[in-house]
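Heads up: the structure comes next, in structure tokens.
The values are calculated or read from the model by the stated rules, or taken from the named source; none is laboratory data. Small disclaimer: the values here were computed from a predicted structure and weren't measured. Reconstructed Cβ throughout: ideal geometry from the backbone, glycine too, with neighbour counts over all protein chains shown. When the accessible area is computed, the model is the full protein with side chains, heavy atoms only, and any ligands, DNA or RNA have been set aside. Shrake-Rupley method; radii C 1.70, N 1.55, O 1.52, S 1.80 Å.
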Amino acid sequence: MAVVLVGLFGLMWVGIVIYADQGSPGWMRVVQIVFGVFLLGWAVRKTYLMISHATQETKKSPASG
């Protein structure tokens, strides 16, 4: 759940920087957008790793039944 929240926060951060923060200098907006994209990318990567780890564990365990 925390990974989802970090991803949503990163997405909201970029949205706020693009639409609401019109008074900041251009370079500062670029830095903030890069930070938001970094957070979003981290969340996507972490989600991928968690899912791939879970599927590998499922393949390793013997089928019960």
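Remarks
- Selection within the range 36-60 - over 16 Å from Met1 (Cα atoms) and of a type in the set (D, E, K, R): Glu57, Lys59, Lys60
- Test result for Val14, at pLDDT below 90, exposed (fewer than 13 other Cβ atoms within 10 Å of the Cβ) and under 14 Å from the mean Cα position of the chain (by Cα): no
- Here the range 17-39 is the region considered, the condition is being open to solvent by 70 Å² or more (accessible area, probe 1.4 Å) and not in a helix (DSSP H, G or I), and the residue that is modelled with the highest pLDDT is Gly23.
- Subset tally (residues that are at pLDDT 85 or above and open to solvent by less than 70 Å² (accessible area, probe 1.4 Å)) for the range 1-11: 0
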